[in-house]
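The values are calculated or read from the model by the stated rules, or taken from the named source; none is laboratory data. This one's a predicted model, so the numbers in the text were calculated from it and none came from an experiment. Using ideal geometry, Cβ is built from the backbone for each residue, glycine included, and neighbour counts are taken over all protein chains shown. Quick note on the areas: whole protein, heavy atoms, side chains included, nothing else; ligands and nucleic acids left out. Shrake-Rupley method; radii C 1.70, N 1.55, O 1.52, S 1.80 Å.
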Amino acid sequence: MFKKWWAYIKSWFGVQSDKMMDPEIEIQMAIDQANKKNQDLRNQAANIVAHRTQLESKIERAADEVGETREMAKQAILKAEESKAAGDTAGVAKWTNIAQGQATKLQAAENNLTSLKSQYEVAITQADNAKAAVQANAARLQELTAKQMQLLGALEQAKMQESVNAAVQSMSATMDDSLPSLEDVQNKIEKRQAQAMGQAEVFDVTPEGGEVELRQAMNEAQADAKLEELKAELGLTDDGAATPAPEAEGEATETTA
């Protein structure tokens, strides 16, 4: 039972942590971690390359030591031969001992040089692999950077869509009980329009409504009569042809007489 509750608690905390984490911060954390790993890899590669470079210097010094020891051993052998030719027993012993010592030293120097060369071959491979790893990781880091930009763009788009959704929801639903929604306002306007139309329809069937309609008809008839009177004064008929006014005809008769 304890294990079950412990698993539940861990799962609950995991869900709550995911809700609280800002995706933008999580993206930056991933990039920072990738940059840190990349720097660590570069440092390791630099150490490997440095080791190879150090081996190059050691090999060069070891080769010089081998050459010098070989030459000294030869010179000691020549000195021993000269002493032998001169019958110098002590000189022969002296230079022979020196030659033997240089030969031992030469053997050790050659062994050291061989070991360094073997290490150098391994170091070359390690350095090449390290540089290749750095190049591959750099390419991967570039991909992650591009992915970061893509994710940030998607995140901004998601935030914008969330804002749009919130705006749409606020327009179609009441966010506060003290404030009416647009649907409530629309219903109220439609109700007032219907009431106004109903009142007008009822008014038309009342005596007052009939009187208003009658007066309107009389006013329209009087306006039509006044319009015909004005047309007659202008000498205009219904077909649009002009006829002489009475005054104009009288003047024409007087002139003829």
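Which order do peptides 132-144, 184-196 fall in by mean Cβ count within 10 Å, highest first?
Averaged packing, sorted descending, gives the order 132-144, 184-196.
Between A223 and E201, take the C-beta separation as r, use R0 = 22 Å, and let me know the FRET efficiency to the nearest 0.05.
0.25
Return the sequence-ordered ³J(HN,Hα) values of region 148-162 in whole Hz as given by the Karplus equation 6.51 cos²θ - 1.76 cosθ + 1.60 applied to θ = phi - 60°, using x for Gly and Pro.
4, 4, 5, 5, 5, x, 5, 5, 5, 5, 5, 4, 5, 5, 4
Sort 222-232, 70-80 by packing, meaning the average of other beta carbons within 10 Å per residue, with the highest value first.
70-80, 222-232
Which FRET efficiency value, to the nearest 0.05, is calculated for K94 and N129 with the Förster distance at 51 angstrom and r the Cβ-Cβ distance?
0.45
First check a/c for region 41-125, with a ≥ b ≥ c the square roots of the eigenvalues of its C-alpha gyration tensor; if it is under 1.5, answer rounded, and if not, answer prolate when a/b is larger than b/c or oblate otherwise.
prolate
Leaving out ligands and nucleic acids, and using a 1.4 Å probe, what accessible area per residue does region 36-127 come to in Å²?
67
Take T53 and Q39, extend 7 Å from each Cα along the Cα→Cβ direction, and tell me the distance between the two endpoints in nm.
2.1
At 1.4 Å probe size, with no ligands or nucleic acids counted, give the accessible surface of E220 in Å², nearest ten.
Here the accessible area works out near 100 Å².
Could you calculate, for region 28-171, the ratio of the Cα radius of gyration to the Kirkwood radius, expressed as Rg to Rh?
1.57
What full-extension length gain, to one decimal in nm, is calculated for A139 and Q119 as 0.36 nm per residue of separation minus the Cα-Cα distance?
4.2 nm
Return the long-range amide H neighbours of L236 (sequence gap of 5 or more, or a different chain), with a cut-off of under 5 Å between placed amide H atoms.
Those qualifying (amide H under 5 Å, at least 5 residues apart or on another chain) are T243.
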